Amino acid sequence: MVVLALLMGLAGCAGNPNSSSTEATVPIATQTQEEPMTTELTWQEAKAHTQAIQLEIAALIPKDVVVSIDQKKTGVLLSCNKTQHNWNASTTVTVLEGTKIEPIVKSLEAHYRTIGTKVSIDTDVNGRYRIQIDPPTPGESYIVSEGFSPNEIRIASGSPCFTLPEGTYPGGDF
């Protein structure tokens, strides 16, 4: 793999002797009439993406009520299908005592509906309002609800699906 990357890099440096330095030396999708190739995420990229979205959601909570934001450093892998997994963890936002959490969750729901993201609503086992934000990427979702303790908003998440490198055991913390 490293040799292939090195050879590709060297080939790119050589350039095309029949073109100017501003011309592309590798055909692009419109030149070949093919779809652009999509690269699959690594588990590290899926984790980083998901943590970034958790923080984007947390940033939508009114700053004047936020006491702290605690993002878990590690998570677990769950199966998407026979060959793929997704990374799962959560971020907890602690808010000022007395803050009404349901209106905040409803404002997050409205925000994501406004930008065209699929959002489902239901209640948790304690009857508290919660939303599930479902971007179109397979496996990716964010559940926002009142946390396990008073004055908390929990953002639970699952990353887009990815394939682990061969020989990587999916158990333990990631």
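The values are calculated or read from the model by the stated rules, or taken from the named source; none is laboratory data. The structure displayed is predicted, hence computed values, not measured ones. Glycine also receives a Cβ, built like all others from the backbone with ideal geometry; neighbour counts cover every protein chain displayed. Accessible surface is based on the protein model in full, side chains and every heavy atom, while ligands, DNA and RNA are left aside. Shrake-Rupley method; radii C 1.70, N 1.55, O 1.52, S 1.80 Å.
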Exercise. Using a basic spin-label model with each label point 7 Å from the Cα along Cα→Cβ, how many nm lie between Leu164 and Glu102?
Worked result: 4.1
For this session: Rounded, prolate or oblate: pick one for segment 53-174, where a ≥ b ≥ c are the square roots of the eigenvalues of its C-alpha gyration tensor, a/c under 1.5 means rounded, and failing that, prolate if a/b is larger than b/c, else oblate.
Result: prolate
Seminar exercise, completed: Quick calc: nm separation of the 7 Å Cα→Cβ label points for Lys118 and Gln84 -> 1.3
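Of the heavy-atom accessible surface of segment 31-174 (probe 1.4 angstrom), what whole percent is carbon and sulfur? Spell out each step's value before the answer.
Numbers: 4580 of 8560 Å².
Answer for segment 31-174 is 53 percent, counting heavy atoms of protein chains only.
Just to confirm, what accessible area per residue do you get for segment 55-145 at 1.4 Å probe, in whole Å²? Walk me through the numbers before you get to the answer.
On the way: 5210 Å² over 91 residues.
Solvent-accessible surface per residue comes out at 57 Å².
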Exercise. If you line up the Cα atoms of segment 72-137 on their principal axes, what length do they span on each, largest first, in Å?
Worked result: 44, 28, 23
For this session: Among Gln84, Ile101, Tyr112, flag the residue with its Cα farthest along the positive direction of the charge dipole of segment 77-119, charges on Cβ as +1 for Lys/Arg and -1 for Asp/Glu.
Result: Gln84
Exercise. Straight-line reach from Lys106: which lysines have Cα under 19 Å away, leaving out those fewer than 8 places along the same chain?
Worked result: Lys63, Lys118
